[in-house]
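Undergrad: Have a look at the structure that comes next, please.
The values are calculated or read from the model by the stated rules, or taken from the named source; none is laboratory data. This is a predicted model, so every value here is computed, not measured. Using ideal geometry, Cβ is built from the backbone for each residue, glycine included, and neighbour counts are taken over all protein chains shown. When the accessible area is computed, the model is the full protein with side chains, heavy atoms only, and any ligands, DNA or RNA have been set aside. Shrake-Rupley method; radii C 1.70, N 1.55, O 1.52, S 1.80 Å.
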Amino acid sequence: MTRVLVVDDQFLIRAGLVGLLNAAPGFEVAGEAGDGEAAVRLAARMRPDVILMDIRMPGMNGIQATRRILTDAVDPAPRVLVLTTFDLDEYVYGALRAGASGFLLKDSGPERLLAAVAAVGGGDALFAPSVTRRLVEAYAQRDRSTPDAHPLPGLAMLTPREVDVLKLIARGLSNPEIADRLSISEATVKTHLNRVMTKLGLNSRAQAVVIAYETGLVTPGG
């Protein structure tokens, strides 16, 4: 059973999501929130598997709430699935930086939404690596001038092979493609990726892509 916290400031949208999830087998709504602050409180208390997170909300927005939830979470941390109107919304990029596991357009149909929640709840990324790369490239150059955009000390802790894996992830390659490129097994790719995420304190594969671009490890179009 996948327990879901639904966060959206529009009552009708939130009610529709709650009704859809409660009616579908394999899902249970753990709670619902109309703003980011309520989402942070409920996430800590309810410990859902997946959080359907709206981005544009008054007060604490979805990006801030995602960062707070994942920073404060105890293992296993919830998986955050961002709900947005535009697939290249700069807010989505901010959510990926904060550690969200994927994003879903609000005009997606019921079957797509349920499949997305199930996929994220099972530990998969919702979007193709190429979509992540396209989104990150669109904003990484601009954000490299911000205070948050600087080389991470943790990069020096990575082994040469871990750096290779991180670069290829940022280029949009899947685990099988990375394994083929480096002549290693998929299991070894996963091991390297897990070590990269642990050393850099990351919560998702998408966040690893963002870090690779923002630190200059890879460059847009390079």
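Undergrad: Full-extension gain between T219 and A118, please, as 0.36 nm times their residue separation minus the C-alpha to C-alpha distance.
TA: 33.1 nm
Undergrad: Return the distance in nm (one decimal) between the two label points of a simple spin-label model at R41 and V163, each offset 7 Å from Cα along Cα→Cβ.
TA: Placing both labels 7 Å along Cα→Cβ, they lie 4.7 nm apart.
Undergrad: Which far-off residues, 5 or more places away or on another chain, put their amide H under 5 Å from the one on L83, with H placed in the peptide plane?
TA: Under 5 Å from the amide H of L83: M53, D54, I55, L104.
Undergrad: Further question: Below 13 angstrom from the Cβ of V29, what's the summed charge of the other residues (Lys, Arg +1; Asp, Glu -1)?
TA: Spelling it out: positives minus negatives among the neighbours equals -2.
Undergrad: Sticking with this structure for a sec: What's the ranking of 204-211, 40-47 by average number of surrounding C-beta atoms within 10 Å, highest first?
TA: 204-211, 40-47
Undergrad: Rounded to the nearest 0.05, what FRET efficiency do D72 and R181 give with R0 = 45 Å and r taken as the Cβ-Cβ distance? Could you check?
TA: Numbers: r = 37 Å, r/R0 = 0.82.
In this case the efficiency is close to 0.75.
Undergrad: Here's something else I'd like to know. Could you report region 35-120's accessible area per residue, 1.4 Å probe, as an integer in Å²?
TA: Per-residue accessible area for region 35-120 comes out at 44 Å².
Undergrad: How much length would be gained if the chain were fully extended between T198 and L12, taking 0.36 nm per residue of separation minus their Cα-Cα distance, in nm to one decimal?
TA: 63.0 nm
Undergrad: Now for a separate question. Per residue and in cubic angstrom, what volume does the convex hull of the Cα atoms of region 1-119 have?
TA: Convex hull volume per residue, Cα atoms: 87 Å³.
Undergrad: At a 1.4 Å probe radius, carbon and sulfur cover how many percent of the accessible area of region 6-66?
TA: On the way: 1480 of 2710 Å².
Summing carbon and sulfur atoms, their accessible area is 55 percent of the total for region 6-66.
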